[in-house]
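Below is one structure, written out as structure tokens; comments come after it.
The values are calculated or read from the model by the stated rules, or taken from the named source; none is laboratory data. Every value quoted in this text rests on a predicted model; they were computed, and no experiment measured them. Heads up, the Cβs are rebuilt from the backbone with ideal geometry, glycines too, and the neighbour counts pull from every protein chain shown.
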Amino acid sequence: MGTALLYDEEMTKYKLLWVDAACKIEVPERLIVSYEALVRSGLSDRCISIPAREASDSEILLVHSELYLEAVKKTPYMTLEDLKEFTLQFGDVYFHPNIYHCAKLASGSALQLVDSVMTGKVRNGIALVRPPGHHSMHSAANGFCVFNNVAIAARYAKQKYGVKRVLIVDWDIHHGQGVQYCFEDDPSVLYFSWHRYEHQNFWPNLRESDYDSVGKESGAGFNINVPWNNVGMENSDYLSVFCHVLLPVAYEFCPDLVLVCAGFDSAIGDPEGEMCATPDIFAHLTHLLMNLAGGKLCAVLEGGYNLTSLAQSVCQTVQTLLGDPLPQLANLRGPCKSAVESLQCARSAHRRYWSFLKHATDPPMTDISTKHIKSAMEEEEKTEMAEEERCTEGKVWPEPPERLCPPVCSASVLPDDVACPDGLKRLSSSKDLEPLLVSKLKNRFRTAAVDGDGVTTFSRLYTLIEKLVANEIRNGLVLVPDVAAVMMCVVQDLTSDLVKRVLVVCVGKEKELDYVTTDGKVLVVQISSEDSEEQRSKYYIPVCLKKGCSDTSGFIQAVLGLLLPLGYEYNPDLVLLVRMPGSGVVDSMWQQLIGLLQGFAKGHTLVLMQVNEKACMGSTASALLGHPAPPLQDLQTPFPEDGDALERLRERLQADWKMLQTTS
Ligand SMILES: CC(O)(O)CCCCCNCCCN
Ligand SMILES: [Zn+2]
């Protein structure tokens, strides 16, 4: 299934008609440059174009009051003076004779997107709209917003499609207080927002935007605020919050639909955000949400005021929605101190509501009140700091790297008597291994793995790895008689001269796996039921699940809170996913794991499985081909000893691996 793109140039036909410093950044060009970038890059042609439509009164009334709607209805007929007068009752927003029409188109576009996804016409999609929506409230326009596009879409999805749980992820740099107010007592809608806050010194300066607003009454726990108390947040900060706050809760919540308040003012260069995350971060943020809700994801444009980073960020988001390989994120050096404080506060505020956050520790008690004063002083200093070094116009960043689709998505290396799963291309062409390598393999492994046809397997395996590295193939599936033995070969001999860094993810345990690397060329993360205290090193990280890999709750908690952060920091060129025989891993978890691992190494994942497990080749192939993984149903509370052990492991490793930091 494809990706929907909603855009209508009518929504560019309103603008600020008077002088207002707060509103001058919200210009029609925002939409024009975004759409033109999609056209120029060829991405719009790869999307399924869905027409915009006007939201009806009843749809708008899902969120807004009749009083407010009736008042806005009058604006097309107002004189300039009346429009100015009408605007005065609201904050940081402006009206225009055509903005009511455009606001209905913006909300209607979001609804069209929900229809396309919920009816299965498309898998996911994005609506490029203005005016944005997430600040508008029941009876008020605010922050460039007239109708709350995403809030209306959430209510609409529940009403029309009986959606039980909606996750709203708001990565715009402003707090969508309109969304928070709409759903704060509603446990069926989980609202997550990060936003520039600076201890309430940043617009909209609301006390309720802080991390301790967790929702009300039956909605307690279903509102997550992560305040950024400094500017300059980078890719590491954003990914840390996804791995350690949003994703554990999102997986536990298990939504039927994901809506994204896709504001790109959180990108570098934006005058509002003043952050330093690069446009390619949105490729990863989108990817990390795409295995929730069976891939049903609707992104709706909110903010974004630097026309260059906005256009690049929109393209990065759409390319991921289309299933293209992800760009590698270089030199992630872990979250800054302020970000760790924010994510620790958010985690501890939600510890009691989410079993996946149960082990969150409280932040060191600093006197919150003085924090407010202190930051005001910092604010003072900052404004004294030379304006130009802070101003965003001076910001430059590299163009996001090209994300080329290999000609072959998924290849397989199988014993001749095993049928190739649909969609996979069987790799038969195998050049002869260099005699030196063959003898090396032979004298290293006396096992059958390297006898007659074993050499054929190795030569095919070698060819496959060469093609992955050359980006001729994206990923592959290999079936062998002896997984552990072949894994050792691949790791020690077949990859040494082909790739710089291999991330090995071992699911399950084999006794003789006595492999420890210290040179950093290989990072092994092993998830199994066995605890192996002695071998641990920076590059060999065993995760022990008391009940083994069949414990999906413990497994996903280890993947999100340990494997993902490690993988991002390690930044491998190849991922080797090894399924040890008898691991017991649940199929949906196995597919989720393959889906999530696609975020690394441009999607170059090599899955190694034992021939006698060929029964799960179908689901493996499906995940490798990019089909969304099935949701992890009714996750139990992870076993306390596993949660504790994971927390201890993270604390011990965070000196070496900064992305594991969750406590300041
Ligand atoms: C959709 C959105 O969240 O991007 C809207 C942001 C409104 C910002 C209002 N204050 C602007 C102050 C100008 N320096
Ligand atoms: Zn914004």
Residues that are over 16 Å from residue 328 (Cα atoms), surrounded by 24 or more Cβ atoms within 10 Å (Cβ to Cβ) and not hydrophobic (A, V, I, L, M, F, W, C), drawn from the range 592-620
592, 620
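Looking at the structure I just gave you, is residue 44 farther than 30 Å from residue 287 by Cβ, of a type in the set (Gly, Ala, Ser) and away from ligand 1 (no atom under 16 Å from the Cβ)? Please lay out each step first, then the result.
Numbers: farther than 30 Å from residue 287 by Cβ: no; of a type in the set (Gly, Ala, Ser): yes; away from ligand 1 (no atom under 16 Å from the Cβ): yes.
Taking the combined requirement at face value, the residue does not satisfy it.
Can you pull out every residue in the range 252-264 that is touching a Ser or Thr at 6+ places or on another chain (Cβ under 9 Å) and surrounded by 24 or more Cβ atoms within 10 Å (Cβ to Cβ)? Even if it seems obvious, please write down each step before you answer.
Keep residues of the range 252-264 that are touching a Ser or Thr at 6+ places or on another chain (Cβ under 9 Å), which gives 252, 260-262, 264.
Of everything in the range 252-264, those that are touching a Ser or Thr at 6+ places or on another chain (Cβ under 9 Å) and surrounded by 24 or more Cβ atoms within 10 Å (Cβ to Cβ) turn out to be 260, 261, 262, 264.
To keep it simple, each residue is scored yes or no on (1) out of contact with any Gly (no Cβ under 6 Å at 6 or more places or on another chain); (2) within 15 Å of ligand 2 (Cβ to nearest atom).
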{"residue": "158", "(1), (2)": "yes, no"}
{"residue": "164", "(1), (2)": "yes, no"}
{"residue": "167", "(1), (2)": "yes, no"}
{"residue": "179", "(1), (2)": "yes, yes"}
{"residue": "193", "(1), (2)": "no, yes"}
Unmet requirement for residue 330, which otherwise passes all of (1) part of a loop (DSSP other than H, G, I, E, B); (2) at pLDDT 95 or above; (3) not basic (Lys, Arg)
(2)
Mind listing whichever residues of the range 161-186 are surrounded by fewer than 24 Cβ atoms within 10 Å (Cβ to Cβ), touching an Asp or Glu at 6+ places or on another chain (Cβ under 8 Å) and under 19 Å from residue 249 (Cβ atoms)?
163, 164, 165, 185
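For residues that are touching a residue at least 60 places away in the same chain (Cβ under 8 Å) and closer than 15 Å to residue 558 by Cα, tally how many sit in the range 578-590.
Total satisfying the criteria: 2.
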Positions within the range 200-212 being assigned to a loop (DSSP other than H, G, I, E, B) and either in contact (Cβ under 8 Å) with a residue 40 or more places away in the chain or buried (at least 20 other Cβ atoms within 10 Å of the Cβ) (or both), in sequence order
200, 201, 202, 203, 204, 210, 211, 212
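Within the range 156-167, can one find any residue that is modelled with pLDDT of 95 or more, β-branched (Val, Ile, Thr) and near ligand 1 (Cβ under 10 Å from one of its atoms)? Give the derivation first.
Just the residues of the range 156-167 that are modelled with pLDDT of 95 or more, to begin with: 156-167.
Among the residues that remain, those that are also β-branched (Val, Ile, Thr) are: 163, 166.
Retained after the next criterion (residues that are near ligand 1 (Cβ under 10 Å from one of its atoms)): none.
No, the conditions are met nowhere in the range 156-167.
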Please identify the pairs in which a residue from the range 265-282 that is in contact (Cβ under 8 Å) with a residue 24 or more places away in the chain and at positive phi has its Cβ atom under 6 Å from the Cβ atom of a residue that is more than 9 Å from ligand 1 (Cβ to nearest atom) and of a type in the set (S, T, N, Q), counting only partners at least 6 apart or on another chain.
269/306; 269/309; 269/392; 274/392
Can you say whether residue 189 is farther than 21 Å from residue 282 by Cα, away from ligand 1 (no atom under 13 Å from the Cβ), surrounded by fewer than 20 Cβ atoms within 10 Å (Cβ to Cβ) and modelled with pLDDT of 95 or more, as far as the supplied structure shows?
no
Among residues of the range 1-41 being touching a Leu at 6+ places or on another chain (Cβ under 7 Å), part of a loop (DSSP other than H, G, I, E, B) and more than 16 Å from ligand 1 (Cβ to nearest atom), the residue nearest to residue 72 (Cα to Cα) is 17
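Would you check which residues across the range 463-483 are of a type in the set (Gly, Ala, Ser) and buried (at least 23 other Cβ atoms within 10 Å of the Cβ) and list them? Please lay out each step first, then the result.
Filtering the range 463-483 down to residues of a type in the set (Gly, Ala, Ser) leaves 470, 476.
Listed by number, the list holds a single entry, 476.
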Going by what's in this entry, would residue 281 be described as away from ligand 2 (no atom under 14 Å from the Cβ) and in contact with a Ser or Thr (Cβ under 6 Å, 6 or more places away or on another chain)?
no
So is residue 301 in contact with a Leu (Cβ under 6 Å, 6 or more places away or on another chain), closer than 20 Å to residue 628 by Cβ and in contact (Cβ under 8 Å) with a residue 60 or more places away in the chain or not?
no
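Residues checked against (1) of a type in the set (Asp, Glu); (2) outside the structural domain of residue 353 (by TED's automatic domain parsing); (3) within 24 Å of residue 154 (Cα to Cα); (4) at pLDDT 95 or above:
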position	(1), (2), (3), (4)
197	no, no, no, yes
204	no, no, yes, yes
209	no, no, yes, yes
228	no, no, no, yes
235	no, no, no, yes
239	no, no, no, yes
264	no, no, yes, yes
272	yes, no, no, yes
Residues that are in contact with a His (Cβ under 9 Å, 6 or more places away or on another chain) and within 16 Å of ligand 1 (Cβ to nearest atom): does the range 278-293 have at least one?
no
Cβ-Cβ below 9 Å, separation at least six or inter-chain, first residue in the range 49-66 and without any contact (Cβ under 8 Å) to a residue 40 or more places away in the chain, second of a type in the set (A, V, I, L, M, F, W, C) and surrounded by fewer than 19 Cβ atoms within 10 Å (Cβ to Cβ): which pairs?
57/69; 61/69
Answer with yes or no whether residue 197 is more than 21 Å from residue 145 (Cα to Cα) and touching a residue at least 24 places away in the same chain (Cβ under 8 Å).
no
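Is one or more of the residues making up the range 132-150 assigned to a helix (DSSP H, G or I) and either touching a strand residue (DSSP E or B) at 6+ places or on another chain (Cβ under 6 Å) or surrounded by 24 or more Cβ atoms within 10 Å (Cβ to Cβ) (or both)? Steps first, answer last, please.
Our first condition is that a residue be assigned to a helix (DSSP H, G or I); within the range 132-150, this holds for 149-150.
From what is left, the residues that are either touching a strand residue (DSSP E or B) at 6+ places or on another chain (Cβ under 6 Å) or surrounded by 24 or more Cβ atoms within 10 Å (Cβ to Cβ) (or both) are 149-150.
The answer is yes; a qualifying residue exists.
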